[in-house]
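Enquirer: Take this structure first; my questions come after.
No lab work stands behind these numbers, since they all come straight from the coordinates. Given the structure is predicted, the values throughout are model-derived calculations rather than measurements. Neighbour counts run over all protein chains shown; Cβ positions are idealised from the backbone, glycine included.
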Amino acid sequence: MAVNGSGDGHKRLPVYDESELTYEHPLYGAMLSVPGLSVGVTSIDAILNWGVMNSLWVFPMATSCCGIELMAAAASRVDLDRMGTIVRATPRQAEVMVIAGTITVKMAPRVKALWDQMPEPKWAIAMGSCAISGDFYRNLYAVVPGIDTVLPVDVYVPGCPPNPEALMHGLLRLKEKVALRRAGKLPPRDDRPDRLQVTKPSVARFLDPARDPAIDEQQVESALHATDTDRSDEPAAGEERASAEPPEPIASSQPSDLEALLRDEFGVAETAPKDGAPVVAVERHVALARRLRGMGYEIFTYVVATHFPEKTGKAPAPERFELAYAVRSVGKGSKVASWRLKLAPGEAAPSLVGVYAGADWQEREQWDLVGVRFAGHPDLRRIMMPENWDGHPLRKDYPADKACPPWR
Amino acid sequence: MNATSAIIHGAVYGTIICVVILTGIAVAIWFERKFAGRMQSRLGPTMTGPVGLLQPFADVVKLLQKEDIVPRDADRGLFDLAPPLAAIASLGAAAVVPWSPKIIAADLDVGVVFVLAIGGLMVVPTFMAGWASNNKFALIGAMRAVAQSVSYGVPLVLATMVPVVLAGSLSVSGIVGWQAQHHWFALWPIIPGLPAFLLYYLAMLAESNRIPFDIPEAESELVAGITTEYTGAKFTLFYMAEYVHTMVGSAVASALFFGGWDGPFRPGLHWMVLKTLLIFASVYWVRWSLVRFRSDQLMALCWKRLTPIGLGLVFVAAAFVQFWPGGAR
Amino acid sequence: MEMSARVERAVMTMNEPQVVTVQYQSAVRGNVDPHLSIRHYDPEADMMLLHFGPQHPSTHGVFRMDLHLDGEIVVKATPYVGYLHRAVEKLCEKLSYVQQTPIVDKNDYVAPMTNEQALNMAFEKLLNVEVPRRARWMRTLFAELQRIASHLLALGTFSIDLGGALGGGSTLFIHTFRERELILDLFEEVTGMRFHYNTHTIGGQRHDLPAGFDKKVHAALDIIESRIPEYAKMTVDNAIFKDRTVGVGVLDGKLALELGITGPILRASGVDHDLRRDAPYSAYDELVPRVRVETAGDCYARTRVRFDEVTDSIALCRKAIDGMPEGPINGYKPIRQPTMAKATSGQVYVGIETPRGELGTFVVAGGDTPTSPHRLKIRSPSLHALAAIPYIMPGATVSDAVAILGSLDPIMGEVDR
Ligand code: SF4
């Protein structure tokens, strides 16, 4: 837990210029100008601060996993209500925005708008590594590397996810910060480890008043040796072990009548190729889907577009796209029937939406992320990325850490 | 009592009652949060003051110093007017509630009508707020509130008519006094006191927007309903108005159906406060254990069930007064 | 125009929105039109466009719907996803096989165990790794415990949608969270994390069960089981709860199949399909689960299925922990460096039954480096569940819209990945 700035001998975090951000209610200014009242200002300040400190209402900017821990913090084990913190659904009635979760470039403008809708005085808590820095998504095209690039953050609560207790500690630290607000000071940096005792839940852990020390030993033991069961095929130092046997092809698990169908009706020469599912001609593909649907393969499972960039050198290969499809039969002994299409760059695949309505969003996703067109799709828009996004991120030539000003 | 002394009496007691109710509301909010906490196996506020007692005061101190935001496209005049109006409308009805034979701000001859009229007024600021906010969630909330208040006004009136008919008086203290001499209406065997109280209770929940009838606010659907755009002090007024409305509703219920200040051993004030608080607490008991209705179900419940029942009750009460040997009076 | 005919009926019948029937029949016939243009709508009727989300208390994360409202009746609902697109698939292409488990944990953050399981099972299939029996049983135990936790959370959030954060809904929500904590404690005992466990690896498990774990599992399950009647009183047996859910958001079995919906939602629509029983994996060939099917396909049926599955999973967990075989917990080489798992070619798909339906991992091996996949795609059940919204929303009121969304129990991390 670190509060922005302060503390000597530590590397300073970038601090927002607080003087520009302070807000005073107009009545406060009027009050100060009343002669005589200003004498009592210190105690009035104390009362005003006390009010804010003890009533930090939270606006949950909960986007993902950390949001679940935010909910858990409001639930019975930690209970934020103890310190008077309740969760308000509207930004107009909250003081603290808790950004819990990954903020993507599509979401960031909304977060900013919501932040601007909150009335002063307001604070922000970045909960979890995603909100602090982007976590391991930091260098990916879609993720904002830390919410403090968008709005001023007061308290950082690290963790992935931080425990509910940690969030409560964060709020208590914020309380300290609020207390010093009018004095224009920042609370001292929290260095003493014993300070953390504040957050230890006083409730006894579940069924665990006295934990058997043997458990810990065993845990350590098993963690050390968990993967030691079989060292026989461990490669000797320096030796690169060849890859395992060629994988089991999917087609082999398909019923023989499916193979026959593919061979006889759809002219597939190789019904169980080594590198994946059988390849079907682009024109016959919708007919095949229709046929499979009639045979009881009723659930659309997936369509995956893969980009194979142009290869030069020893085994040159042109740039191409591959679409893998699978459908699943319903009920006992459920099976997957899969096939593939090979496409040249720019070639469109016939859409399956007419056969399986479930293909709708998956095809949109593949168009959005890989850039394969689906002819006859009723609504081929981007689905994951913003409408005006440039390029198709899952192509191999697309840089993973592409910039997206102003958000990343 | 001449006019001047009536005015002085009203002003003194009115102020005292307002102050007491508002303080009471603060305690009630604390009580609700603790109560909800216990229902949910939590603790509720503990850190602010002893056992969290100062929590509502901290909330108010905080809310009053928040920035006051008026959305650009809001209807400024209405937006500003709605919260004080809500507070006034909800507090106004407290005027005719007899807290003891003496403590009553204005002992009107038509007290019951006054309570119903002022309570019914709550819908105006609610709709004003929803409309003026220029927010779609607030607007939907306001439309729901209007539909709900107007509909549930009918069973509410019918339910209050039962004690009026039985006691033959439109004055709240008159009804209480009548009950002191006979029985509390709620203790009347099945017909018609107790059903009338239950009907009143349901309609009161609806009128004061409490779960399971809290669709105008419905924070899981409409974010915060009519108060979505309100900040700081204005929101505080709405927040208080809601509690005052429930509190006054409970007080009226205990006066009309539970014999108000009537009771053995203790002074009337104690009994009145005790009864009011019990009814008030039961509202929160209901609130924290049920989910809410949908708006069309609410309407159906009101017009198809409660209103016919209410009419039937009034009819039975009238017949009772008319045909009971010697009359109920 | 079918659209306008449909809408007129919606306006007239506020109490019983039957309009849904018309629309999904057309979908089943093959001419799918969730993309109907709203321009054909009768201009005399007043219509309001309500942006619902991406930040809204009931959207279960960052999901957005555009609701076209006529009064309170939803005329058209357009879902938008992608607000949590974290580029997981791109990240997985960069990382090696052994590094990916903690990444996919974050997809379906309510049931991380099953995420890991689906991913590692795909890798095992790709690398032809045999999983020891104990590890398979452990996976089953974890998956079922996770199912309990996930369904409890679904039940809690659903009742928040119905009853509000300041009301009865939150009471049930907090109670289910209280019980969920018991399961998180069990997982914490094994893995050291409350969620995001990183405990599955290629070929088995990373952490063995600690001593005395079976007693704790039983104790936790006892507590949860004893609380189930209480939940029933507040949800499935509660009159108001029934009023709010019965007949709301009816999803026909055929349409559900057509949309690729799986899991409890499909079973609530009367389709008897559960991968645990129909295509057994891990230890489900020995521990056969009971499959709950409801026929109504409405919000109540979906809740009912989840509710009953909690009971079933408790029984299954008991069996799994009691019959837990001894033996090694990993059938693959010990993990020494991230680049140890290699595959040069092959494409595999493995789908398993998570609390939300069929979660699958499709891996294309090879590419530039043999240690990481060329392409990895996660087939997410929630994505398909959300695709049902344009079909089942029209005709519902705003309150119903919230209930329907809650009953679909989407997890946006998994939808958007
Ligand atoms: S920090 Fe971890 S737990 Fe929190 S949102 Fe990011 S990935 Fe999820």
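Enquirer: Can you give the average number of partner chain beta-carbon atoms within 10 Å of each beta-carbon in peptide B:27-39, as a whole number?
Expert: 2
Enquirer: Also: Just going by the charge dipole of chain C, with Lys and Arg at +1 and Asp and Glu at -1 on Cβ, which of C:Leu67, C:Pro355, C:His374 is farthest out on the positive end?
Expert: With unit charges placed on the Cβ atoms, the residue in question is C:His374.
Enquirer: Which value, in debye to the nearest 20, describes the size of the charge dipole of chain B about its Cα centre when Lys and Arg Cβ atoms bear +1, Asp and Glu Cβ atoms bear -1, and nothing else is charged?
Expert: 660
Enquirer: Counting Lys and Arg as +1 and Asp and Glu as -1, what is the net charge of the other residues whose Cβ lies under 10 Å from the Cβ of B:Val283?
Expert: +1
Enquirer: For chain B, take the longest principal axis of its alpha carbons; what is the angle in degrees between that and the long axis of helix B:193-207, to the nearest 10 within 0 to 90?
Expert: Helix B:193-207 and the main axis of chain B meet at about 20 degrees.
Enquirer: Separate question: Under a Cβ-only charge scheme (Lys and Arg +1, Asp and Glu -1), can you give me the dipole magnitude of segment A:258-375 about the Cα centre, in debye to the nearest 20?
Expert: 280
Enquirer: Ranking request for peptides C:215-224, C:125-134, A:382-391: highest mean number of other beta-carbon atoms within 10 Å first, then the rest in descending order.
Expert: C:125-134, C:215-224, A:382-391
Enquirer: Once you've got the GNM for chain B with C-alpha springs shorter than 10 Å, pick whichever of B:Leu202, B:Leu313, B:Leu63 has the biggest mean-square fluctuation.
Expert: Per the Cα network of chain B with a 10 Å cutoff, B:Leu63 tops the list.
Enquirer: Here is a follow-up. For a quick size check, give me the Cα extents of segment B:66-323 along its three principal axes, largest first, whole Å.
Expert: 61, 39, 32
Enquirer: Suppose each label sits 7 Å from its Cα in the direction of the beta carbon; what would the B:Phe265-A:Ala30 distance come out to in nanometres?
Expert: Each label point lies 7 Å from its Cα, and together they span 5.1 nm.
Enquirer: Principal axes first, then extents: for the Cα atoms of segment B:202-300, list largest minus smallest coordinate on each axis, whole Å, largest first.
Expert: Each principal axis gives a Cα extent; for segment B:202-300 these are 48, 36, 20 Å.
Enquirer: Springs between alpha-carbon atoms under 10 Å, Gaussian network over chain C: tell me which of C:Gly351, C:Gly366, C:Gly204 tops the mean-square fluctuations.
Expert: C:Gly366
Enquirer: Hey, another quick one. Counting other beta carbons within 10 Å of each Cβ, put A:Arg181, C:Arg136 in order, fewest first.
Expert: So the residues, fewest neighbours to most, are A:Arg181, C:Arg136.
Enquirer: May I ask for the net charge around C:Phe52, where only other residues with Cβ less than 12 Å from the Cβ of C:Phe52 are counted and Lys, Arg are +1 while Asp, Glu are -1?
Expert: Taking every other residue near C:Phe52 into account, the sum is 0.
Enquirer: Just to confirm a number: summing +1 for Lys and Arg and -1 for Asp and Glu over residues other than B:Phe238 whose beta-carbon lies under 15 angstrom from that of B:Phe238, what do you get?
Expert: Local net charge: -3.
Enquirer: Right, another one. What's the exposure ranking of C:Arg86, A:Arg88, going from fewest to most Cβ atoms within 10 Å?
Expert: With the fewest neighbours first, C:Arg86, A:Arg88 line up as A:Arg88, C:Arg86.
Enquirer: Moving to a separate point now. How are the C-alpha pair distances of segment B:1-150 spread across 5 Å bins, as whole percents from the shortest bin up?
Expert: Histogramming segment B:1-150 at 5 Å steps yields 2, 8, 12, 14, 14, 16, 16, 11, 5, 1, 0, 0 percent.
Enquirer: With viscosity set to 0.890 mPa s at 25 °C, what whole-number translational diffusion coefficient in µm²/s follows for segment A:258-375 from Stokes-Einstein and a Kirkwood radius over Cα pairs?
Expert: This corresponds to a translational diffusion coefficient of 165 µm²/s.
Enquirer: OK, next. Rank B:Thr46, B:Thr23, B:Thr228 by mean-square fluctuation in a GNM of chain B with C-alpha springs under 10 angstrom and give only the top-ranked residue.
Expert: Ranking B:Thr46, B:Thr23, B:Thr228 by mean-square fluctuation puts B:Thr46 first.
Enquirer: From the P(r) of chain C, could you give the percentage of C-alpha pairs in the tail past 32 Å?
Expert: 37
Enquirer: Send over the Kirkwood Rh of segment B:171-250, from the inverse of the averaged 1/r over different Cα pairs, rounded to one decimal Å.
Expert: Taking the inverse mean of 1/r over all distinct Cα pairs, segment B:171-250 comes out at 14.9 Å.
Enquirer: Can you run phi through the Karplus equation (6.51, -1.76, 1.60; θ = phi - 60°) for segment C:217-233 and list ³J(HN,Hα) in whole Hz, with x for Gly and Pro?
Expert: 4, 4, 4, 5, 5, 4, 4, 4, 4, 5, 8, 4, x, 4, 4, 4, 5
Enquirer: Let me ask something additional. Suppose we keep just the alpha-carbon trace of segment C:241-340; what are its Rg and Dmax in angstrom?
Expert: Cα radius of gyration and Dmax of segment C:241-340 are 18.2, 57 Å respectively.
Enquirer: If a/c stays under 1.5 just call it rounded; otherwise compare a/b with b/c (prolate if a/b is bigger, oblate if not). Do that for segment C:219-258, with a ≥ b ≥ c from the square roots of the Cα gyration tensor eigenvalues.
Expert: oblate
Enquirer: To continue, here is another question. What residue among B:His270, B:Ala117, B:Gly193 has its Cα farthest toward the positive end of the dipole of segment B:66-323, where the charges are +1 on Lys, Arg and -1 on Asp, Glu, each on the Cβ?
Expert: B:Gly193
Enquirer: Give the lysines whose C-alpha is closer than 22 Å to that of B:Lys275, dropping any in the same chain fewer than 8 places away, or say none.
Expert: Within the straight-line cut-off, B:Lys275 pairs with B:Lys34, B:Lys102.
Enquirer: Okay, next question. Order these by the 10 Å Cβ neighbour count, fewest first: C:Glu326, A:Glu347, C:Glu116.
Expert: Least to most surrounded, the residues fall as C:Glu326, A:Glu347, C:Glu116.
Enquirer: Which links in A:Lys335/C:Lys377; A:Lys106/C:Lys90; A:Lys335/C:Lys94; A:Lys342/C:Lys94; A:Lys396/C:Lys125; A:Lys112/C:Lys106 stretch past 27 Å when you go from one Cα to the other?
Expert: A:Lys335/C:Lys94
Enquirer: Could you tell me the extents of segment C:161-256's C-alpha atoms along the three principal axes, largest first, rounded to whole Å?
Expert: Principal extents (Cα only, largest first): 47, 34, 23 Å.
Enquirer: Whole-Hz ³J(HN,Hα) for each residue in segment B:266-281, computed from phi via Karplus 6.51 cos²θ - 1.76 cosθ + 1.60 with θ = phi - 60°, x for glycine and proline: what do you get?
Expert: 9, x, x, 4, 4, 4, 4, 5, 4, 4, 4, 5, 5, 5, 4, 5
Enquirer: A further question follows. For segment C:269-320 and segment C:230-247, what is the separation of their C-alpha centers, rounded to whole Å?
Expert: Result: 21 Å between the Cα centres.
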